[in-house]
Amino acid sequence: MSVLEATPAAAGVEGICLGLTEEQRKSRAEFRAFAESEVAPYAGQWDRDARVPDELLEELKNRGYLAAPLAQEQGGRGMDAVTYGLLTAELGRACSSTRSLLTVHDMAVVALARWGKPPLKERYLPAMAEGSLLGAVALSEPNIGSAATQVETTARKVGEEYVLDGEKCWITFGQVADVFLLLAQLEGKPTAFWVPADAPGLKRYDNDLVMGTRAARLARLELSDCRIPGDHILGRQGFGFTYVLNYALDLGRYSVAWGSVGIAEACLEASLDYTSQRMQGGALLCEHQLVQRRLTDMIADSRAARLLCYRAGYLRQLGEPAAVQETKIAKYFASRAANRCANSAVQLHGANGTTDNYPVARYLRDAKVMEIIEGSTEIQQIIIPRVRPEEF
Amino acid sequence: MATKKEKIKEFLAKFFRNHVLADDEDIFALGFVNSLLAMQLVGFVEKEFGITIEDDDLDFENFRTVNNIEALVGRKEAARVSA
Ligand SMILES: Cc1cc2nc3c(=O)[nH]c(=O)nc-3n(C[C@H](O)[C@H](O)[C@H](O)COP(=O)(O)OP(=O)(O)OC[C@H]3O[C@@H](n4cnc5c(N)ncnc54)[C@H](O)[C@@H]3O)c2cc1C
């Protein structure tokens, strides 16, 4: 029995539960062991190569880490929100590029499960749940990012098919995805489509290299007279952003929030290690008060970020509508905290921190991306105060 | 026990500060509706009334007023009972 079931009043109704169940602890230990042995030691090399290897994708699939939050009755693992957060944080701590694979695949999967028509789900969901087909999210375009409802890609119905024209960019794992959750304007209204990577008229190219999550195999897509079957639409015309993409982005934000916690904690750990080994001015770095101040801020930041993520996670488990806003708050705070921690980590490592010999430069580059994706810091600042936060 | 309408209004009140919402008032026309509200509203009716909003229910009319939301919930409940 989980803590949530055992003590509902203490666990969720107040929106805060500070304990993990025995099962969640076990899961975390499993995730950490995997991340520390199979991911972290190679993350620097993957970053330099600008690609995670195919074997890693296979391993994530074999371990059941893809589509983990999908309900069991839909073929998923039905992982609870907090455990999913723990998985994301552990992978994020080791390698943000690896974490981002789960983020985008899971976003596509949950959108399909929630808004796909039965035949489309029957065709794709089992393979996506298993991870033998990979999904990605194609929202951004050269001219459109934050103002996502204004995408310029168009769709038109021709006979029994939809025909898509436009360009998408920055598509995480777009180089290897089998299918894209894609937003286009259908008669001027934002609408979500399910676009197989082998659809006629779709071409993909490697994206310009990015500073963070460099190994996440980003792609640029060109859609020219790209034809997809008529049932490859998710939700209804005009509801593609508000409901379908937003449903996916809500999970994406949750994942990025936890991934940011992972980065913040990795920065802290690297800094505690480094400053307790390096001597300067006759003392260990960690004995200097200004260094202690930085470490204290890092500890407080990473703790606070984790607590906001737990809170969002418990509310998600309870199915509370307010979980959407709490997830945004967690993403907003955690991504900024990761940046503060990464900045400090490089500073505390001095010149060494700027090299590839230590992971902190990578953490800093990865952290920056977290403030841009899934709704930038500025977009969160605009949206979060629109709703009076609920008291729990 | 609070009626459906009261529950819906109580939920919406969080979004419409200092504004008492009439049952037939167009919430979209008030200019407060954003994607955060839209998503939370779906989550709210699903959790509160134990229904699932499906593709076909995605119609702004269904969410335009308190009356319309109540009617949507009523239809979904009826469909569930007869299913
Ligand atoms: C590594 C990486 C991976 C990505 N993966 C994906 C992916 O898988 N799929 C996908 O579709 N996209 C992806 N993106 C794109 C990402 O979603 C966009 O970069 C993001 O939405 C911001 O859009 P933009 O870059 O066009 O910036 P813009 O929207 O042009 O914004 C530029 C700056 O202006 C600010 N700004 C914008 N609007 C406002 C406003 N109204 N008020 C105040 N400030 C504002 C922004 O916060 C930002 O600081 C990825 C990006 C990166 C870097």
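Worth a mention:
- With Cα atoms, 0 to 90° folded angle of helix B:35-49 axis to chain B main axis: 40 degrees
- The aspartates and glutamates whose alpha-carbon is closer than 18 Å to the alpha-carbon of B:Lys7, local same-chain residues fewer than 8 away aside, are A:Glu320, A:Glu390, A:Glu391, B:Asp23, B:Asp24, B:Glu25, B:Asp26, B:Glu46, B:Glu48, B:Glu70, B:Glu77.
- Within the accessible area of the protein assembly as shown (1.4 Å probe), percent carbon and sulfur: 50 percent
- Peptide B:7-17 has a mean of 1 when you count, residue by residue, the C-beta atoms of other protein chains within 10 Å of its C-beta.
- Positive dipole terminus of the protein assembly as shown, leading residue within A:Ile379, A:Ala323, A:Met79 (C-beta point charges): A:Ile379
- The protein assembly as shown: Rg to Rh, with Rh as the Kirkwood radius over Cα pairs: 0.98
- With Cα atoms, 0 to 90° folded angle of helix A:118-130 axis to chain A main axis: 30 degrees
- By the Cα gyration tensor, chain B has an equivalent ellipsoid whose semi-axes, rounded to whole angstrom, run 21, 14, 11 from largest to smallest.
- Per-residue surface analysis assigns B:Asp59 an accessible area of about 60 Å², computed on protein heavy atoms at 1.4 Å probe radius.
- Average accessible area per residue (Å²) across the protein assembly as shown - probe 1.4 Å, nucleic acids and ligands excluded: 43 Å²
- Under 16 Å from the A:Asp165 label point (7 Å along Cα→beta-carbon), backbone N, the stretch A:198-221: A:201-203
- For chain A: relative contact order, % (alpha-carbon pairs under 8 angstrom, 6 or more apart): 17 percent
- Take each residue in B:37-48, count the other chain C-beta atoms within 10 Å of its C-beta, and the mean is 5.
- Averaged over B:73-80, number of beta-carbon atoms from partner chains that fall within 10 Å: 0
- Each chain gives up part of its surface: A and B jointly bury about 2300 Å² of accessible area, both sides summed, for a 1.4 Å probe.
- Kirkwood Rh in Å, taken over the stretch A:307-378 so that all alpha-carbon pairs contribute: 13.3 Å
- Degrees between helix A:246-275 axis and first principal axis of chain A (Cα, 0 to 90, nearest 10): 20 degrees
- List of the stretch A:377-392 residues, accessible area with partners at least 10 Å² below that of the chain alone (1.4 Å probe): A:Ile383, A:Pro385, A:Arg386, A:Val387, A:Arg388, A:Glu390
- Percent of C-alpha pairs per 5 Å bin, the stretch A:142-258, short to long: 2, 12, 21, 24, 23, 12, 5, 1, 0
- Taking chain A as a whole, the Cys residues whose C-beta sits 4.7 Å or farther from every other Cys C-beta are A:Cys17, A:Cys95, A:Cys169, A:Cys226, A:Cys286, A:Cys309.
- Measuring against 24 Å, Cα to Cα, the residue pairs A:Lys121/A:Lys331; A:Lys61/A:Lys121; A:Lys157/B:Lys76 contain A:Lys121/A:Lys331; A:Lys157/B:Lys76 as the ones spanning a longer distance.
- For chain B, averaging the sequence separation of C-alpha pairs within contact (under 8 Å, six or more residues apart) and dividing by the residue count gives a relative contact order of 37 percent.
- Spacing of the two label points (7 Å from each Cα toward its C-beta) at A:Glu22 and B:Asp55, in nm: 4.4 nm
- Working value for the stretch A:115-164: equivalent-ellipsoid semi-axes of 25, 18, 9 Å, each the square root of 5 times a Cα gyration tensor eigenvalue, largest first.
The values are calculated or read from the model by the stated rules, or taken from the named source; none is laboratory data. Since we're looking at a predicted model, the values are computed, not measured. Glycine also receives a Cβ, built like all others from the backbone with ideal geometry; neighbour counts cover every protein chain displayed. Heavy atoms of the whole protein, side chains included, go into the accessibility calculation; ligands, DNA and RNA do not. Shrake-Rupley method; radii C 1.70, N 1.55, O 1.52, S 1.80 Å.
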